[in-house]
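Take a look at the structure set out below.
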Amino acid sequence: MTSLARLQDKHAILTGAGGGIGLAVAAAYLNEGARCTVADISAAPSAELAALMARYPQTLIYVATDITKSSSVEQLIARASQTFGPVHVLFNNAAVFDMAPLLESDEAMYDRLFDVNVKGMFFTMQKVLAQMAGLGTRGAVINMASQAGRRGEALVSHYCATKAAVISYTQSAALAMAPAGIRVNAIAPGVVDTPMWGHVDALFARYEGLQAGEKKIAVGHAVPLGRMGHPDEIAGAAIFLASAESAYITAQTLNVDGGNVMS
């Protein structure tokens, strides 16, 4: 991959980066010259992340983090700052997915999805923004939304609501931080071919009476561009929103979805 050094001398924190989109963005940021502190819930990095760490031993560290706990997020920021200095970019990606028919959805599912996707997302963003503002860092935050946040879905009500909240918090935070010169944007991916889709496909198969793999094929064919996206295609947008190329962009949610949502 060609590097234009668009993130040279920047320090980025990336949550939910043990695999999938988060890992692809970490690799892209490192290739663009950034120093990266990568966080995920697992005690140790995934095999894929460990391989990336071996390639970038001087500019990549892993910090096991539970974003639903404020103390864990504070420890993440402290470790990141001690290692690589002030944070310039937050790629706020950690999230969980679940689904059920509306009348069968229970409080435990609701609590888990909102605890990670909304509470964890917001307070991670808040704590990083507080450091940026306190140090006068004109940084950038990229929150991960979803095309699910643009509309409701009968089987995916809680997840859709959490991602709608991400879009709303992105707008509010962008307005609050604009006087400090800090930009806050979001990315709304469509259907992206990541390991999580095995879990998603199995749930759709259960509730819609489908064969394994059938839903994944169908959603790919339904995209105007005719296929699911790849994590690297989300990474391109994440580089853009973290770089000086988007210096006049804030409070926006960028659809990267093959044409599924037009706005």
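The values are calculated or read from the model by the stated rules, or taken from the named source; none is laboratory data. Keep in mind the model is a prediction, meaning the values are calculated, not measured. Counting neighbours? That spans all protein chains shown, and the Cβs are built from the backbone with ideal geometry, glycine included.
For every residue, the table says whether it meets (1) of a type in the set (A, V, I, L, M); (2) surrounded by 17 or more Cβ atoms within 10 Å (Cβ to Cβ); (3) at negative phi.
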| residue | (1), (2), (3) |
| --- | --- |
| T162 | no, yes, yes |
| P179 | no, no, yes |
| L210 | yes, no, yes |
| A235 | yes, yes, yes |
| S243 | no, yes, yes |
| T250 | no, yes, yes |
| T253 | no, yes, yes |
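Over 21 Å from W197 (Cα atoms) and either in the same structural domain as E245 (by TED's automatic domain parsing) or among the aliphatic types (A, V, I, L, M) (or both), is that true of T65? Reasoning before the result, please.
Numbers: over 21 Å from W197 (Cα atoms): yes; either in the same structural domain as E245 (by TED's automatic domain parsing) or among the aliphatic types (A, V, I, L, M) (or both): yes.
So T65 fits the description; yes.
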### Query
Within segment 193-243, which helices (runs of 4 or more DSSP H) (wholly inside it) include 1 or more residues that are of a type in the set (S, T, Y)?
196-208
### Query
Taking segment 122-141 only, how many residues are assigned to a helix (DSSP H, G or I) and not aliphatic (A, V, I, L, M)?
7
### Message
Tell me whether segment 164-173 contains one or more residues that are modelled with pLDDT under 95, within 27 Å of M228 (Cα to Cα), in a helix (DSSP H, G or I) and of a type outside the set (K, R).
### Response
no
### Message
Step by step: first the residues of segment 87-121, then only those that are part of a loop (DSSP other than H, G, I, E, B) and over 20 Å from the mean Cα position of the chain (by Cα), then the one that is surrounded by the fewest Cβ atoms within 10 Å (Cβ to Cβ). Which residue is that?
### Response
D106
### Message
I'd like to check something: does segment 71-83 contain any residue that is surrounded by fewer than 19 Cβ atoms within 10 Å (Cβ to Cβ), at negative phi and touching a helix residue (DSSP H, G or I) at 6+ places or on another chain (Cβ under 6 Å)?
### Response
no
### Query
Within segment 225-240, how many residues are within 13 Å of the chain's Cα centre (by Cα) and closer than 16 Å to N143 by Cβ?
5
### Message
Kindly evaluate P224 against the criterion of being within 18 Å of A94 (Cα to Cα) and of a type outside the set (A, V, I, L, M, F, W, C).
### Response
no
### Task
Go through segment 39-59 and give me each residue that's of a type outside the set (D, E, K, R) and touching a residue at least 24 places away in the same chain (Cβ under 8 Å).
A39, I41, S42, P45, S46, L49, L52, Y56, T59
### Task
Would you be able to tell me the number of residues in segment 188-229 that are in contact (Cβ under 8 Å) with a residue 40 or more places away in the chain, within 30 Å of A174 (Cβ to Cβ) and out of contact with any helix residue (DSSP H, G or I) (no Cβ under 7 Å at 6 or more places or on another chain)?
2
### Summary
Residues of segment 15-26 being assigned to a strand (DSSP E or B) and either outside the structural domain of A244 (by TED's automatic domain parsing) or surrounded by fewer than 24 Cβ atoms within 10 Å (Cβ to Cβ) (or both), in sequence order, are none
### Task
Working carefully through the options S157, S168, S146, find the one that is without any contact (Cβ under 8 Å) to a residue 40 or more places away in the chain, in the same structural domain as S246 (by TED's automatic domain parsing) and either out of contact with any Leu (no Cβ under 6 Å at 6 or more places or on another chain) or surrounded by fewer than 20 Cβ atoms within 10 Å (Cβ to Cβ) (or both).
S168
### Task
Go through (1) in a loop (DSSP other than H, G, I, E, B); (2) of a type outside the set (S, T, N, Q); (3) without any contact (Cβ under 8 Å) to a residue 40 or more places away in the chain one by one and return the number of the condition Y62 breaks.
(1)
